Amino acid sequence: MTNTRQATGTTTGAATAQSYSADTEVSGWTGWIVFAGVMMLMMGAFHVIQGLVALFQDTYYLVASEGLVVQVDYTTWGWVHTILGAVVILAGVALLAGQMWARIVAIILAFASALVNIAFLGAYPLWSITMIAIDVLVIWAVSVHGKEMKAVSAGPSRATSDVE
């Protein structure tokens, strides 16, 4: 592609893309956002499964509901996990689609998931600790490497908008 209009002061798409890529560098760390999105899909599915188990077979857990950090019925915990899981899945899909608002929502939901799993720690400790570790990874991946994903999402549309 040649810059045929540079003499008149107008640049082509190639020049815009070059100046844009100089401003924001996309690194190999962008894959962490995809990782976070996939982990959110898994985390949401795990929450839904955990919620359904609490709804339909509350004798599965290690302690009675009185032994939990927050002492509520397992049916309540089931609904909390199921609803939280569905919202986490939707946010994971939005994060994979490159929505910038999904980064903030992902951090908030991962934080809420960690709090819910801390409260649910007495019922199934190993599972709750695993879920908290996934939450921490999601928060780290999105908060540290979100800028690269913004560059990837905005890059092609911005670079091709001036092509004639």
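Bear in mind these aren't lab numbers, they're just calculated from the coordinates by the rules spelled out. Small disclaimer: the values here were computed from a predicted structure and weren't measured.
Points worth noting:
- Karplus-derived 3J(HN,Hα) values for the stretch 38-55, using 6.51 cos²θ - 1.76 cosθ + 1.60 with θ = phi - 60°, are 5, 5, 5, 4, 5, 4, x, 5, 5, 4, 4, 4, 4, x, 5, 4, 5, 6 Hz; glycine and proline are entered as x.
- Contact order, relative form, for the stretch 29-95: 52 percent (alpha carbon pairs under 8 Å, 6 or more residues apart, mean separation divided by residue count).
- Segment LEU137-VAL34, extension gain: residue separation times 0.36 nm, minus the distance between their alpha carbons: 35.9 nm
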